[in-house]
Each structure stands twice: as structure tokens, then as C-alpha cells.
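J.: What follows is a structure written as C-alpha cells; I'll ask about it next.
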Amino acid sequence: MVVRREDEIMTELTFTHDEAAGRTVLAVAGEIDTQTADELRGTVDELDVSHRTLVLDLHGVEFVDSSGLGALLGIKKQQDRGGGALQLTRLSDAVARIIEITKMDRVFEIV
Amino acid sequence: MRSTWTSSEVGRDLEAVDWASTPLGDPDGWPVSLKAAVRILLTSKFAMWMAWGPELTFFCNDAYRRDTLGDKYPWALGQPASDVWSEIWDDVEPRVRTVIETGEATWDESLMLFLERRGFLEESYHTFSYSPLADDEGRVEGMLCVVSEVTEQTVSTRRMTTLRDLGARTTGRHTEDESIAAACEQIEADPLSLPFGIVYLVDRAQRRVVRACGAGVDDDHPFAPASIDLDEASPVWPVAEPLAGRQVLVDLSTVPHEPPVGPWGQRPVHALLVPFVDPATTEPYGFLVAGLSPFRPVDEAYTGFVDLFAGQLSAAINAARTFDGEKRRAETLARLDQAKTDFFTNVSHEFRTPLTLLLGPTSDALNDPSLAADDVQRRRFDVVHRNGQRLLELVNSLLDFSRLEAGGITSQFEVVDLARVTEPLVMMFESAAEQAGLSLEFEAEPLSGVCYIDVEHWAKIVLNLMSNAFKFTFVGGIAVTLRDEDGQAVLTVRDTGSGIAADDLPHLFERFHRGRNQASRTHEGSGIGLALVAELSRLHGGEASATSTEGIGTEMTVRIPFGRAHLPSAEVTDSAQPRTAGATAPTALVSEARRWLAPETDTAADQAGRPPGDVARVLVVDDNLDMRTYVADLLRDRYEVATASDGIDALEQMHQGQVPDLVVTDVMMPRLDGFGLLERMQADPRTTSVPVVMVSARAGEEGTVEGLEAGAADYLVKPFAARELLARVAVNLELDRVRRIRATLERSEALLDQAQRLAKVGSWEVDLERQTVTGSDEMLRLMGLSRTEFEAMGYPDVIDSVVHPDDADRVGHALASLRVGGLASFDQRIVRPDGTEKLVTVRAALLGDDSGAPRTLQGSMQDITEQRAAEQALAEVRARDEAAQREHSIAEALQRSLLPAETFEIDHLDVATYYRAGVEGTYVGGDWYDIIDLGGHRTALVMGDVMGRGVRAASVMGQLRSAVRAFATLDLPPHEVMQHLDELVQDLAGDQIVTCVYAVHDPIAETVRYANAGHLPPLVAARDGQVRRLTAGGPPLGAGYGDVPTEEVSLPAGATIVFYTDGLVEHRGRDIDEGILALERHIDWRGTSSLVGVPESVVDALLPLGPDDDVAILIARAVVDDDEVSMSMHRDTGRATVAEARHFVQASLKRWDVPDTVTRDLALVTSELVTNAMVHGGAPVDLRLQRSGTRVLLEVRDDAASSLPRPQDPDDDDEHGRGLRIVETLSDEWGMHETDRGKCVWSARTWSSAERTRS
């Protein structure tokens, strides 16, 4: 558990990685904006699972803006290209809201 | 010529002589030589006399007259010399003749002459010379005598000599008689100094003095009786004086007998009695009767001499007596010594027979197979046998020793291999040493010489030394060595024991000597052992010696010279082979040693068969194991017995465990003896009262008395009968118990009395059968009666005598109605003999006897007079207090009900109030204020002042306040409210003056509409600080308000309005305007912070001495409901700038109480706008956030002067371009515009109260 002081700004995302039943699950926590989106992309690249199903567990994402959304899109495209798939699971409120506002719920596979 | 005579005294007297009647004729006619001779005579300072002429006419000079002539002067002048010295003329005449006839001078030295010049014939000595005197023709006509008297010297010398000789004679005389005889010899040797001397010595037993010797007087001479009774009425000599220590000079003419004839046939005239004094006791024990020479004057010199003589004799006698005494003592000691040995010898012989009869049969019994091993008799026989053997040893040692002394020992010296003979002896102690935890070593080096040893003696020597070492050694060990040294065999026994004190060492080998207080295993021992060793060593021609250091150890050494030269040949047998086997040594010493080691857990500790119940505990203390066991066994049947081996052990046990009820202790024990134990026990409060029974072998009254005086409860002498011991123990325990009970009882009684005294409670008791009463000391004190007075009253008369007459019936009734076992308790008064009354609480219980019939009344009585009075006083005070309190609370409650509320919660207005009644002790006065919520965001503010003070004004005020509230609910315009109030005041109190202002605040219109009836003008100012006094208004209420209209003033956000009463601004001697001005100045119109505390501070400032009239203040401020924050960002700060902006916005909105949904959306908006600005725009990027009411405005400014962005429509695939769309969706309004720097994109959002609750 990370205790956050009120004035402390999350500059990092935290990742938890797990393999289960032929899928790779990556849990992301933190705030995804233009300054942290690259970190997300980079971590996914390192996993190198574009050929498999990547499940992004987003319950820890406390904030996500259009840049974050764009990053998710980018990952999806990459998975599609690689022959795998992207699934989003356990959407936090912030993630759900932005997807709702931008009407992107039909674009992502949400499980 | 005569003129020369007159120069001397004699000369003058010579002149007076009738010369004509002398053959010499007139001096003028004298021959020249005569004249010359006379002149020489007269002028010389030397004593001279001369004679001239046929008659030998006498002349002398001053000196001669003075020294020699004495009484015969001046008669002698001019007389014939033969007349002048008639008494010595026989001596003188031949000399004179010689001179005159032969012309030769004579010389005589120290010639003794008896001169009569002082009235008696005086022994004198002169040295003189007669020389011829020739006349003018040369014929010897006369003689000149030059004389020097040497009497003093001669006599002194003689006396000194006598004294010296006396000293010489008496020195070395060891007996009194010899000394006295010597003294008498000396007296007889110098009769001139002491014609006679008689020595008398006191015989106190017979109350007389006895003549010890007489010198110069015959034994049968009555002058010197053989004895004189002290009581004799008129003794020959005044014995009383010298026996009282005083010298006395006796005139012998008073003595009934004639003194013996002394030298020169004269009898002495005086005798001096000088006492002999014993310097130790200063009591005269005799005296010397010293006859004094009649020929010497009895002057100080003479008496002094006699004194010295007597003194010397006395000293000699004293010395002789002392010597005698010493000699006698030494003889006595020697005799004692001998007596001891004899005694022991004789008695020892006597001992042996019964001992044999003891040991024999007991030994038989022990060897009898029919005596079972566990038979209790066996144990008894064992004890008897053991102790019998011990006795036997002791007796044997003594016998040995005394035989040695008497020379009765025969020795047999043989050639012996000393090492081989010694080792087994030493090793006999091996097992005992092991048991004691001591080391035992034996080391022998080869000897260069031949030892001739009597093996029996040697065994005794070695075993005694070993036994001794063992006895005193507790830790460490014993080392025995046999060495060759200086032609001697040296046996050394070294131990690490308690050592011997330095002053004991020299006496170590003496008979009967025992070391003082050494720590040893046992106190037993006769002291013979080492003496025996010494003697036996001496028989061998050797010697025994010892060195020791206390606390470290001891080394005993026996040296035996080699060879046989020093031994009596009769006792020596030579053999070719040295003997290697020692004598069959007595094992007694070894067994004794082993016994000292008996384990601490002796059978006495076995507590089986202890009697049950509460038994007394007895501690038995004795260093002898057998004794301990015996006594413990005796006592075990009746008591719980513990044992200790000496005083220290006993104290430890008492300290660690329980204190016994009685202690039975031996007296002689090592470390701490019986007396020591007793002393220590007495000093410790825990054990001081434990009775101690001492058991001692020391018989005789003294021992018993000593023991009892030291504090022992009882003293038993060994041997004692078992019955006696048991009896004594029982008696002492019982005595002790009784004593303890008594002590406890006394203590309890004392405590009870004390308690009663403290509580002022007395106790009493009535014997109903005998009709007697009795009470405790405190009871008597309470009643003021003596014990006899009280008890004389009896029961039931005591009630009438003591109880107050008015209470007597009640009391009597209460007591009479008691049942057996019942308790009554009541208050009553008693009357004391002096008439004073006391109030008491009585408790009474009726007790019955065995059959249940009433027997005794018992109870207590406690003095409660003062207590009751105090209680009453207290109750009265309390009642008064309560009444006052009640009145006060009523007044207070009433007042509080009239007070205005203290806090108000109004939207749109920040309000603070202050109220204080002017009259001290009251809470309300005529001033009041009120704040009424009119609904629809509007608020009525009221302030009023009823002239007058105190509760009366307050009650009018109360009514008015209620009326205003009532009117307010009708929502009437202010001036109408005022009209109604006016009517009311007229009705209520026609003469009352009431001022009032009624104002209504509308936050939407941002106005205050008001009506003022004669009240001080409220103050209004906006944030700019420009103050207005709202002076418009009408007359006070009750005078007819009329048509004064409602006024209006604006009250924008942040503006303040202040209402107050005259108590705040009106001061005696000061213009009211000044007060108002002060108030204006004191309010912080521009301030934005809360108004809390402001009214109080205003009052403090304006009324530093406190208000003396009613004061009311009401301050209201229109709430500003605006907030604004901003922040600035730079692009490349390396920090998460966008996140920062987001969090900033979130925090601010949260602080402003903005709903969470709005905050969440605005955070997203912020993120988009700032991202855009940073990505497309330029740094720095400024963010401003404003809130006004329920609307929030967000502005993001950048430096990029590019074209204004437009929202886009990205495809699903596009990762970018959605930002502004999101902003558009989430904002109520949004837009952008150019700024001088770059551009500004803004988003606004409003929310309703419904949104608030949803979050």
C-alpha cells in the first residue's frame, strides 16, 4: 500500500505483471496523462506480448485524460498488428468516464 | 692603743675588763709584743684566742666569741684560761705547756672536745693550733690559738657514713629480720649518732607492738619492753603518735625508766620516735625509737638524719617484705602445680576402675549377637561405649604425663627406620581427612644418620600432633614431612588451620594449656597432648617447637638428634636391622578425630514420631554430637526439637528459620559459647524474650549465679538426670507462655483504653444478679465519677443517679424491655456531679447465662454533646444557604429567559453580537437585540433600548421583543412594524421611553431597508471604509411614530452594518458624538476575516473600565462569496507539471466546498487545457481558478501566439485530438481569446445544490 501525501504528485505509474492461462495481465495504477503515457507504452513494449492477449487491469488508474486514452489506443493497435489482443478490465471510475465522454466504449474490448 | 680595740666589739668589752686585778695590769703598761698580739687577734676575722702571762689570761676575738665561746662571753675575757675552759682544761693544758715550754706550736685536727657553751656539754670538733707568743725579750710568755671549728662537717660526715653503711648492710638482706638486725648493728656501730635504737613492729592481730630488735640497750631492759599493748593506758613509749604516722620527740625524763648509758657515760636525754610506713597502704607498720645523743643539739639536721635512718630501714623492711611475698607466691604456684598433677594422678587411677567396668560390659553388649542391629538399646550402648572410651583416653594421657613428670616412664630406644614407622601413623588419619575434605600428604627424605627411637613414644608424638592439626583445620590440608637437618631428624606437621595467637605460642607445650577461642572442631580436650609431645621429644634428647600465623596455619616441629650419645645407655638397644614396624598405636585418637566429623544431619534431625498439634519448639545447642543427640532424644517426645553445634550455628538457624520457644545450650562451645549466645539473643528483639536453659559442667554456686545473672532462665549442671532436664524445660516453657499471655493482655488493655479515650467512648457492665455496676476508665471520665463512687451506686439506682431526670423513665424503659441477646441504642442526657449535662449515645446489650436467663447488661456510652451541637449549627447554616440559593436561582432563571440568543446562523450574513446588563447581579436590562429569519434569504435585524435599568426595564423589554417577533412573522415593512410597536408601548407603559431600530437585509438586492424610532444611528460602510451614519428616522416609541417612511441603504458583499445602544458610546462628561466616532474608528470595515470577538474587543476599547450601563452591539457583514487562486507553470521543470496543475485545481475546489463531480470534471478539463498549452503553446503557462457563488471559472494562459485551436473530430483510430471536445462536453461554457502574451482558453462550470448533495 502506498500512502500518498496530499501534496505529493504521482510522477510514476506502478505496474504489476502476471501470467495466467495464456494471457498476460498488466495492472496499472496511478495517473495516466501526457507525461506518464510514454511510461505505459514502454512497459507494454518490454513485455513483448503483442502476439498474445494482453489484459490491462485498470482499477488503480485514478486519472486518465485524452493523452492516456491515446496511449491505450496505441497499445490496442499494436496488439492488433501483432496478432494478439487487448482487453481492458476492472475499469476505474476515471477510465469509465473518459471512455463514456468520448464514446470509445465500442472501440475497446472491455471484460 | 685602746682606740684600736674599739673597732671591734670584743675590743670594746676588753676595755671594760678590770685589768688591774689581772696579773697583766693596765693595758698601757703592757709589753709591745702583747699589745701587738692583741691587735692581731682583734683585727683577724679568723677565730682566735690567746693567753698571756702567769695566769694565762684569756683574750679572744669576735670570731671566736661567735663560733666557740658562746655563753661564757664576756665573762671569759681577762679570766685565766684554765677557768675559761675548765671543762677541757685536761685536754688543753698539756698542749699549752708544750707550746710555752718548747716554743713549738701544736696542731690538732678535728679534736673532739666537749664544750659547755650552750648550757649543756656539747660534742664538738675543732682544728686548731697553739703557737707561742714571745714578749719583748723573746721569752715565751703566752700562746695564740687559731681555731677552726669543724663540728658540723665532722658530725655530718659521721652521719652520712652511718647512713651509707646502713644501706650497705641492709642491701641484699632478703628477710625483714635480717634487715632490722643489720640496722641495729649499724646503730651500735655509731653510738655517737644514735646512742640507742629500738625497732617496734605492729602485730595487729594481737593489738600490740613487738620489739624487733634493740641496739645499745639490753633485751631485758625495761626501757625497751618486748611488747607494748596498743590499748595500754600509759605505755613506756607514746605509741599512738608514730602509729598515726607522726614523728614525736620524747623527753626521756618523762619515761618511767632510765635510759641506758650511752657513750661517754652519759644517758641520752631525748629520743625521737619515727614511724615506718608501707608505701602501698601508707599505714605505719612499726616505728623506730631513736635515742638522741645528749651531746648534740636536737636541731633539724639531727632529726633529719634520724628520719633518713628510719626511712632507709623502712625501705629495707618493705623490700624484704615484698621479696618475701613474691617468694611465697612463687612457692604457692609451684605447690599448686604439683597439687594438680598429684590430683590428676590419684584421681585418674580412681577413674580407671569404673571405666573398665563401663567399657567391658558395654563392649560385651555390643558384641552380643542377640542384640538386634536396630534395637534402640544398641544405640544407647553405642553412646555409652564411645564416651567411655573418650574418658579412658583422657585418663591415659594424664597418667602418661604425670608418670613422665615423676620420672616413672621407661623408654626403649631402638634403631628405627623413621620414615617407615611414621607413615602408617600419619595415614591412620587418611580416611578422616578425606571425609573432612582435607588433603593429607606425607613426604620423607632419606636420613643421613641413625635414629634411636622408642616406637611407643613416637606413636604418641605423631598421633598427638596429627590429632591437633586435624582439630584446628577446616579447609586446606595437613602436610607431614621428615627431613634431615643438621644432624637431626626433623618431623614437621604443617596445617592450614586457624593458627595460634602470637601470645599463646610460648605456652603451647605447657601442661593444661589450651588455646583461647580458636576455631576448632570441638571444645573438648584436656590440654595435655602437646605437653606430652614436648616431654617425649625431650626424652629422645630432642625438642618440640611450633610456629604459627593466625588464620593461615601452624607448623609443629619435632627434632631428634641422630645417634645414641645423648641417650641413657641402659635404655638403648642396638640392632642390626632398623625396626620398620611401629607400635600398635592406640586408635583412640583417630576415632576421636573421626567423631568430630560426624555429619551435620545427625539422627537428632530425624523428626519421625513428632507429637501432633501445637507444640513448643526447642533448640538444643552443644558441640558434642553425643550430647546433642541425647538431649534431643529426651525432648523429642514432647516438643519439636532442632539442634545446633555451637552458638553461631544456633543464631543462624534462628535467623533463617523460626525462633524457638526455648533454647537448651551447653556453655563451653567453640566460636560462640553459651554466654555469648545468650548475649546475642538478648540483643536481638526477635529472640530477646526466648528463655535459655544453660547446661554446664561447671559446678558450684558461682556458675549457677553467673548464668542466671547473665539472663539465663535456668542453669543445669552436668551430669543431670533426664527427668530434671525435662522438668526444667517444661517449667520454663510454661512460665514463658504465661508471661507472654500476660504481656499481650496488658497490651490489649492499654490499647482498649486508648481507643476508648480517643473515641470518647466508655464501656460499662451491669451484673443483674448481683446488681453491681462497673465501667472503663473512659466511662468514669465521662460521668465525672471515681470508680468507688460509681460502683457504690449499684443497679438500678445508677440510672437515677446519673441519667437526666427527664430521660430516666425512657432509659429505664428501654433497658427493661431488652430481651436476652437483644441490643438497644438510644440517646440520653447525663448529669455529672458538678451539675453539667452531657448528651450521650448509649448502646446496651443484654447477655444471658448458660440457661438463657438474663445475666449481664453490657454496653457503651459515647459523648456526643459537642458533636450534636456542631451538627445543629451546621444544619442551620445549610438551611439558610439553601434558601438564599433558591431565591437566587429563581431570579437568575427569570433573567436568563429574557436574554437574547447568543449565536445566530444566517446565510449571507456574518453576525456577531454582545450583550451585557448594566446592573450588577442582574443579567438583563432594558437593552435588547434580535435577529429574525424572515424566509426567502431575508433577515430582520432589531435593536432596542427601554429606558431604565434592572429587572423592571427588562420585563418591558421582554414584552416588546416578543411583539417584534410576532410582527416580523407578518413580514410587514419596517415602518409599519414600528407603528405597531409604538401603539404597544403606549399601552404597556405610558411613561416609558423606548427606542428601537428595525432593519431587513435582502442579500439578492444587496440592500437593507429600515425604520429607526429614536435610536442611535446604525453605522454602515462598504469595503472602501466610507462610513455612513443612518440618521434617518422618527421619534422614540410611545410618543407616536407617525408616518416616518422606511429608508433603504445598499449593503454589497463585504459591507458591514453596526447597531448599538447608548451604553457603548455615552459617557458622562463626553459628547455622544465622540463615542460614535470612536466606534466608527474601531471597526475594521475593510477586513474580511470573521467577526468573532470583534464586539468584545470594541467594548474593551471603548469602555476600558467596563460598562456601567446596559450595552448591546450587533455587527452584521454581507458575506462575500468569492474565491480565487492561480498558479504558474514552466515547461521544462522536470516535474509532473500537468499533474501538478490538476492537483492544484482539485485541492482548491475541495477547499471551496465545490461538489466532487464538478471537481472531477474540472480536473480533467485542466489536464486537457494544460496539456494543450504545454504541447502547442509556450511556457510559462498560467492557470487561474475563480469561484463566485456556485460558479467556477478556469483559465489557462500560454505564450504561444499561434492561431486559436479548434476542437477536432478524430477517428476512432486517432490517438490525439480529443482534448477540446472533452472540454466542450464537460463545460457549461467555454471559450478562448487572445491575450497580449499569447492566448487564453477558459472553461466555466456552474452547479446546483442538488449536485452538492449527490456528491
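J.: Based on the Cβ-Cβ distance of B:Val1049 and B:Asp1213, what FRET efficiency does E = 1/(1 + (r/R0)^6) give at R0 = 51 Å, to the nearest 0.05?
T.: Using R0 = 51 Å, I get an efficiency of 0.20.
J.: Follow-up question, since we're still on this one. Take every Cα-Cα pair in chain B and report what % of them are more than 62 Å apart.
T.: That fraction is 68 percent.
J.: Ranking B:Ile453, B:Ile1076 by Cβ neighbours within 10 Å, fewest first, what do you get?
T.: B:Ile1076, B:Ile453
J.: Normalised radius of gyration for the protein assembly as shown, please: alpha carbon Rg relative to 2.2 N^0.38 Å, two decimal places.
T.: Numbers: Rg = 72.3 Å, N = 1366, 2.2 N^0.38 = 34.2 Å.
Taking the Cα Rg and dividing by 2.2 N^0.38 Å, one obtains 2.12.
J.: Now a separate question. Just counting partner chain Cβ atoms within 10 Å, what average do the residues of peptide B:835-841 show around their Cβ?
T.: Values: counts 0, 0, 0, 0, 0, 0, 0.
Averaged over the peptide's residues, the number is 0.
J.: Additional query: Using 11 Å as the cut-off for backbone N distance, which residues of the range B:219-233 belong to the label zone defined by a point 7 Å from the Cα of B:Arg267 along Cα→Cβ?
T.: Answer for this model: B:223.
J.: For the range B:631-676 and the range B:848-862, what is the separation of their Cα centres, given in Å?
T.: So the two Cα centres are separated by 50 Å.
J.: Using only Cα atoms, tell me the angle between helix B:1156-1176 and the longest principal axis of chain B; keep it within 0 to 90° and round to the nearest 10.
T.: Helix B:1156-1176 sits at roughly 90 degrees to that axis.
J.: In nm, give the distance between the simple-model label positions of B:Leu249 and B:Arg810, each being 7 Å from the Cα along the Cα-to-Cβ direction.
T.: So the two model labels end up 10.9 nm from each other.
J.: Can you tell me the length gained on complete extension of the stretch B:Thr175 to B:Thr98, counting 0.36 nm per residue apart and subtracting the Cα distance?
T.: Here the answer is 22.2 nm.
J.: Given R₀ = 51 Å, what would the calculated FRET efficiency be for B:Thr157 paired with B:Arg335, taking r from the Cβ atoms and rounding to 0.05?
T.: E between B:Thr157 and B:Arg335, to the nearest 0.05, is 0.55.
J.: How large is the helix-only mean residue ellipticity at 222 nm for the protein assembly as shown, computed as the sum of -39500 (n - 2.57) over DSSP H runs with n ≥ 4, divided by its residue count, in deg cm²/dmol to the nearest 500?
T.: Taken over the protein assembly as shown, the calculation gives -12500 deg cm²/dmol.
J.: Let me have the relative contact order for the range B:153-409, percent, based on Cα pairs under 8 Å that are six or more residues apart.
T.: 16
J.: Helix B:455-472 against the longest principal axis of chain B: what's the angle in degrees, Cα atoms only, rounded to the nearest 10?
T.: Compared with the principal axis, the helix lies near 40 degrees.
J.: With a point put 7 Å past each Cα toward its Cβ, work out how far B:Ala319 is from B:Asp219 in nm, to one decimal.
T.: 2.7
J.: Out of all Cα-Cα pairs in the range B:1122-1254, roughly what percent, to the nearest whole number, are more than 24 Å apart?
T.: I get 27 percent for the Cα pairs in the range B:1122-1254 exceeding 24 Å.
J.: Continuing with the same structure: Out of all DSSP beta bridges with both ends in the protein assembly as shown, state the antiparallel percent to the nearest 5.
T.: Around 80 percent antiparallel, to the nearest 5.
J.: With a 10 Å radius around each residue's Cβ, average the other Cβ atoms per peptide and rank B:468-481, B:814-827, B:741-754, highest first.
T.: B:468-481, B:814-827, B:741-754
J.: Return one number: the angle in degrees, 0 to 90 and rounded to the nearest 10, between the long axis of the Cα atoms of helix B:151-170 and the longest principal axis of the Cα atoms of chain B.
T.: Orientation of helix B:151-170: about 80 degrees from the principal axis.
J.: Same structure, new question: Starting from the exponent 0.38 and prefactor 2.2 Å, build the expected Rg for the range B:760-863 from its residue count and divide its actual Cα Rg by it.
T.: Rg over 2.2 N^0.38 Å, computed on Cα atoms: 1.00.
J.: Related question: Pop a pseudo-label 7 angstrom from the Cα along the beta-carbon direction at both B:Lys45 and B:Glu485 and give the gap in nm to one decimal.
T.: Those two pseudo-labels are separated by 8.3 nm.
J.: FRET efficiency for B:Thr410 and B:His507, Cβ-Cβ distance as r, R0 = 35 Å, nearest 0.05?
T.: Using R0 = 35 Å, I get an efficiency of 0.75.
J.: Continuing with the same structure: Determine, for B:Leu391, B:Leu24, the number of other Cβ atoms within 10 Å of each Cβ, and report the residues in order from fewest to most.
T.: With the sparsest Cβ surroundings first, the list reads B:Leu391, B:Leu24.
J.: Please report the relative contact order for the range B:669-803, taking Cα pairs under 8 Å with a sequence separation of at least 6, and give it as a percent rounded to a whole number.
T.: The value is 14 percent.
J.: Taking the range B:603-745, how much of its Cα-Cα pair set, in percent, is spaced more than 25 angstrom apart?
T.: Considering the range B:603-745, 20 percent of its Cα-Cα pairs are separated by more than 25 Å.
J.: Express in nm, to one decimal, how much length is gained between B:Arg117 and B:Leu357 on full extension, taking 0.36 nm for each residue of separation and deducting their alpha carbon distance.
T.: Full-extension gain reported as 76.4 nm.
J.: Pairing rule first: another cysteine's C-beta must sit under 4.7 Å. Under that rule, which cysteines of the protein assembly as shown stay single?
T.: Lacking a cysteine Cβ partner under 4.7 Å: B:Cys60, B:Cys145, B:Cys451, B:Cys996, B:Cys1240.
J.: Quick one: Cα centre-to-centre distance for the range B:1030-1076 and the range B:36-114, in angstrom?
T.: So the two Cα centres are separated by 165 Å.
J.: Moving on to the next point. Where does each of B:706-715, B:285-294, B:1051-1060 land if you order them by average Cβ count within 10 Å, highest first? Kindly include the intermediate steps, with their values, before the conclusion.
T.: Working: B:706-715: 18.0, B:285-294: 25.6, B:1051-1060: 22.0.
So the peptides B:706-715, B:285-294, B:1051-1060, ranked by packing, come out B:285-294, B:1051-1060, B:706-715.
J.: Here's something else I'd like to know. Compute the length gained on full extension between B:Gln867 and B:Glu976: take 0.36 nm times their separation in residues and subtract their Cα-Cα distance, giving the result in nm to one decimal.
T.: My answer for the length gained is 32.1 nm.
J.: Please tell me the relative contact order of chain B in percent, rounded to the nearest whole number, where contacts are Cα pairs under 8 Å and at least six residues apart.
T.: 4
J.: Next question, about the same structure. Please report the spacing between the Cα centers of the range A:38-70 and the range B:454-483 in Å, no decimals.
T.: Going from one Cα centre to the other spans 105 Å.
J.: Here's a follow-up. Other chains' Cβ within 10 Å of A:68-76 residues: what's the mean?
T.: Shielding by partners across A:68-76 averages 3.
Values quoted throughout were computed directly from the atomic coordinates according to the rules given, and no laboratory measurement underlies them. All of these numbers come straight from a predicted model, not from anything done at the bench. Virtual Cβ from ideal backbone geometry, glycine too; neighbours counted across all protein chains shown.
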